[in-house]
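Heads up, the thing below is written out as structure tokens.
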Amino acid sequence: MSTPRKLLILGALYLAQGLPYGFFTQALPVLLREMGVSLEDIGLASLLALPWALKFAWAPFVDRLSTPRRWILALQAAATALALVLAAMDPGSSALQLMLGAVLLTNLVAATQDIATDGLAVSMLSPQERGLGNGLQVAGYRVGMILGGGLLLVVFEQAGWSATLAGMAALIALSSGPLLRSPELGAKRPPPIESSPNPWSWIQRRGALGWILILVAFKFGDYLAQGMLRPWMVDSGLTMTEIGLMLGTAGFGAGLLGALAGGLLVNPMGRRRALVVFGLAQTTGVAAYAACIALSLTGPALWAAVVYEHAVGGMATAALFTAMMDASRSEHAATDYTVQASIVVLASGVASALSGFGAKAFGYDGLFALGSVLSLLAPALAAVPALMLITRPAPPEVES
């Protein structure tokens, strides 16, 4: 299969994951703040994304049961159905808790689809294709997040909850098209292996613990700060349309280009150098938001900060995901990659959950300053060669 065709299929599948995740992590905090929900509770609402952190627990079953194609198509259909169920609910009524339960279930379905898609990506992309493939993966996911958290937020203010969620269901369904038109892709089960895949086997590999330190640190400071970005925008007087347009236009283009640029540069730069350089750039992106908040800037300066942060964040994420593929064994692709992704999501989720308490304790400006400082830890760790040992290719066997 040609590289462009592989990238089209993967881009569509990752976009489908980003749609609900973007809506629930970016648009939902705005809606909750508009409803008068406290900052602490908004921060804790990020725990609805817990399936993304715990998906390693059922990744081995996805790795070995059925085929990636059947998993993905069945889960895409389930995500579409759940979005339609959510469309029938009223978020402003007493059914709020029921709606949040449906959000949790939607995240469970999307996280499981991600397991199958990641395994498919690791197996179908050659080492030379992984940089561009991960650039497109991050770009597709970010496009989905921006559509879900930006464009759908604009639609919500104009058309309401039901039309917004119905639109999301239609987009998820359409994203299955490229895979449906490739009946041979992911139609075979992985070859049998002597040992069963399990999350702990990856953790026990040489160099895994050092790499875990980088995975935990890479997005912690970023998410600690950005968990309160949208509530700050609401408190600063920005409307839902303004927030949606800012994130859905500036964020869309910058995040897309940044991810593609990061994916293209990661091979010539090398994995470690890319993680260090792009990790430092990601820190300056958080600092740009901190400056806007400290100076109460909501005009062109905030637009510029959004463009810059999305661009450098996309570059950093593309480099991280490429190195995560390198650290995965081909025979345990879905499980190994999922364990690493779960570590990143768990650290990010903890940071987001703490963000509301941080904003209450230190104010928005203090929280973002703290996030900027903590985000420096990741590039500092990535600069240590021994901590990235597991991402290096295994030496070829010498024939006797």
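For the stretch 195-341, evaluate the Debye formula with one uniform point scatterer on each Cα (no solvent term) and list log10 I(q)/I(0) at q = 0.10, 0.12, 0.17 Å⁻¹, rounded to two decimals. Here log10 of I(q) over I(0) equals -0.42, -0.58, -0.96. One way to sum up the overall shape of the stretch 22-84 is the equivalent ellipsoid from its Cα gyration tensor, whose semi-axes run 31, 15, 6 Å, largest first.
Normalised Debye scattering of the stretch 297-392 at q = 0.19, 0.20, 0.21 Å⁻¹ gives log10 I(q)/I(0) of -1.12, -1.18, -1.24, counting only Cα atoms as equal scatterers and leaving out solvent. Only helices enter the 222 nm calculation for the chain: every DSSP H run of n ≥ 4 contributes -39,500 (n - 2.57), and dividing by all residues gives -23500 deg cm²/dmol, rounded to 500. The value for the stretch 35-185 of Rg(Cα) / (2.2 N^0.38 Å) is 1.13. If you line up the long axis of helix 300-326 against the longest principal axis of the chain, both from Cα atoms, how many degrees apart are they, to the nearest 10? So the inclination is approximately 20 degrees.
With +1 on each Lys and Arg Cβ and -1 on each Asp and Glu Cβ, how big is the dipole of the chain about its Cα centre, in debye rounded to the nearest 20?
On the way: 22 positive and 21 negative charges, 169 e Å.
So the dipole magnitude of the chain works out to roughly 820 debye.
Helix 130-146 axis versus longest C-alpha principal axis of the chain: approximately 20°, rounded to the nearest ten.
What do you get for the angle between helix 68-87 and the principal long axis of the chain? Use alpha-carbon atoms, 0 to 90 degrees, nearest ten. The answer is roughly 10 degrees. Within the shell defined by Cβ-Cβ distances under 15 Å, the residues around Val37 carry a net charge of -1, with Lys and Arg each +1 and Asp and Glu each -1.
Of the residues Thr106, Thr391, the one with the fewest other Cβ atoms within 10 Å heads the list, and the complete ranking is Thr391, Thr106.
Compute the longest continuous run of the chain that contains no exposed trypsin sites (Lys or Arg not before Pro); treat a site as exposed when its DSSP state is not H, G, I, E or B and it has at most 11 other Cβ atoms within 10 Å.
207-400
Distance distribution P(r), the chain, all Cα-Cα pairs, bin width 20 angstrom from 0: 29, 60, 10, 0 percent. Considered as an equivalent ellipsoid built on the Cα gyration tensor, the stretch 68-143 has semi-axes of 32, 13, 9 Å, the largest given first. Among Leu381, His310, Ala287, pick out the residue whose Cα is farthest towards the positive end of the charge dipole of the chain, where Lys and Arg carry +1 and Asp and Glu carry -1 on C-beta, about the Cα centre. Of Leu381, His310, Ala287, it is Leu381. Around the Cα centre of the stretch 215-323, unit charges on the Cβ atoms of Lys, Arg, Asp and Glu (plus for the first two, minus for the last two) sum to a dipole of about 440 debye. Computed log10 I(q)/I(0) for the stretch 207-268 at 0.13 Å⁻¹: -0.58, from the Debye equation with unit scatterers placed on every C-alpha and solvent omitted.
Every read-out reported here was derived from the displayed coordinates using simple, explicitly stated rules and does not represent laboratory data. Note that the structure is predicted; figures quoted are calculated from it, not measured. No Cβ is skipped: glycine too gets one built from the backbone with ideal geometry, and neighbour counts run over all protein chains shown.
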